[in-house]
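Here the structure comes first, spelled out in structure tokens, and everything after it is commentary.
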Amino acid sequence: MAQATSSNREHLAGDALVAGAGLAGLFTALKLADAGCQVTVLAGIPRKGGATSTWAQGGIAAALGPDDSVDLHVADTLAAGDGLVDEAAARALAEDAPARIADLEALGVAFDRNADGSFSLGREGAHSRNRIAHVGGDSAGAAIMAALGKAASSHENIHILSGWHAADLFVERGVVSGLVTRGGVAPDAPTLIFRADATVLATGGVGALYAVTTNPTGSRGHGLGLAARAGALVSDVEFVQFHPTAIACAEDPAPLATEALRGEGATLLKADGSRLMEGVHRDLELAPRDIVAREIATEIARGRTVLLDCREAVGDRFAERFPSVYAACQRNGIDPVAGTIPVAPAAHYHMGGVVSDLAGAASMPGLYVCGEVARTGAHGANRLASNSLLESIVFGARIADAIAVNSTSTRPPKNAPSGGAAPTGPDPHAEQIKALRDSMSRNVGVARDASSLEETLSLIRGLEAQALPQASGYNNMLAAAHLIVAAAYRRQESRGGHSRLDYPQTDERLARPTPLTLTEALLTCAAPVTKTA
């Protein structure tokens, strides 16, 4: 959190300031702009991979088929969330889905359709119906982001700025009045305050806090950390979803073998050729992601490999049907048509985040959160496949409605600030970040226990003790990791995406959200501090 000082430059950002130019940020901005609001979007510092949304392969879940309904979509969401889904949030998600799909089509997104014009819908894990709307097979994220980027960049009410990334919330008398931003990754990078009537964090998730992840490098919990450092309430942050089938290779981030492959009948095999999920779950490969991920992780921990066999289910159609996965296989010397794909779980999605209501409002006045940084209650302990992109557009529209009601249409000045300093050379905290990512994957992954969590908490405390106060981005990352590990330490049960080896059973007394402040997280577990170089 930051206060104004005479040395801080300020810029008027208009009715709304949106931090993040992924699906959640751009969709929210477009809805606000169409309502007549003046919006500034901070696209941040360009990083390898861009927005996580661009990488999404599966598609968007929506009850669009003749055999489907909102009630069935809600029921599947509740079941996958393992007792922690807020039913009102799940219903908002399912009820608003068709209208939001129509919004994307109006922006030029061409969803796959059958010869009769109906949606070509796929099925993924834990869905009882085919309800996944795809674009180009496995290119939904890229296609949607291209359409949103084109629309946002040409909208007269949207001002997109690159080079400035959110560092701290700007708070005046308990109300969020904007963001303190940095124009680079160095602790002495230039600082600029953006003021706005409403501030929207759409900064993405936490996957790149882990060494093995499907997320781009920018997904390191910055929004979660900066909100918590300012005093915002977070919840359910122990629930990290590990995608079961990242391609096991040397790439960082790990390329994804979309769940749609299993939806078309691809099978998971042990090294001896037997079915991995046989006898584990009635839905076999289409069991909820946490169950499949744990089974694969257990097999790998025994020193064995797990293979995704698409030869019969997809075969010669692979390159056309799943071009992104096919290209990733080719880069790594894998032929998915004639052979199998080695897979492993990878940090993929964060179910928890900054607590928000059904209009996207956080616990601090003036602050809204959208997308993976938010904890809307729609995902509970384990997100239902392809509900993530849906959450971004459903709650993006709701946030826009809430902000537009109080809009004063304050036009930002035409002399918008230029971008900050582009990163030059290595990140000054690269060594510490590597140590953190390695520890998170080793100790806070698919399965955890008290001793492994204590080890990582000790490391984080050591890194925090050495961090410079002005290194906001790095401190936000450490805060996000601290919250996740502390919440995992506090939840003494196994549920959804949180599996404790020392507490393997589900405790029904804990079938509730776990709100947390950073202050409470800092007091969790008095483990000794590990000194770092």
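Things worth noting here:
- All of Glu278, Glu259, Glu264, Glu299 fail the test of being over 25 Å from Asn215 (Cβ atoms) and of a type in the set (D, E, K, R), apart from Glu278.
- Matching residues, region 69-110, being touching a Lys or Arg at 6+ places or on another chain (Cβ under 9 Å), over 23 Å from Arg289 (Cβ atoms) and not in a loop (DSSP other than H, G, I, E, B): Asp96, Asp103
- His127 being surrounded by 17 or more Cβ atoms within 10 Å (Cβ to Cβ), modelled with pLDDT under 95 and assigned to a strand (DSSP E or B): no
- Val292 meets all of the listed conditions (1) part of a helix (DSSP H, G or I); (2) modelled with pLDDT of 95 or more but one, namely (2).
- Odd one out for Thr217 among (1) more than 12 Å from His348 (Cβ to Cβ); (2) crowded, with 24+ Cβ neighbours inside 10 Å: (2)
- Comparison of Arg442, Arg509, Arg500 shows that the only residue that is basic (Lys, Arg), surrounded by fewer than 24 Cβ atoms within 10 Å (Cβ to Cβ) and over 24 Å from the mean Cα position of the chain (by Cα) is Arg509.
- In region 344-366, the residues that are among the aliphatic types (A, V, I, L, M) and buried (at least 24 other Cβ atoms within 10 Å of the Cβ): Ala346, Ala347, Met351, Val354, Ala362
- Among the conditions (1) farther than 24 Å from Thr213 by Cβ; (2) in contact with a Leu (Cβ under 7 Å, 6 or more places away or on another chain), the only one that Val354 does not satisfy is (1).
- Residue match in region 171-178 (condition: in a loop (DSSP other than H, G, I, E, B), of a type outside the set (Asp, Glu) and under 20 Å from Ile399 (Cβ atoms)): no
- Failed criterion for Asp138 (all others in (1) under 28 Å from Leu12 (Cβ atoms); (2) in a loop (DSSP other than H, G, I, E, B); (3) of a type in the set (Asp, Glu) hold): (1)
- The set of residues from region 287-310 being small (Gly, Ala, Ser) and surrounded by 24 or more Cβ atoms within 10 Å (Cβ to Cβ) comprises just one member, Ala293.
The values are calculated or read from the model by the stated rules, or taken from the named source; none is laboratory data. Here the structure is a predicted model, which means the values were calculated and not measured. Cβ coordinates were reconstructed from backbone atoms using ideal geometry, including for glycine residues, and neighbour counts include every protein chain displayed.
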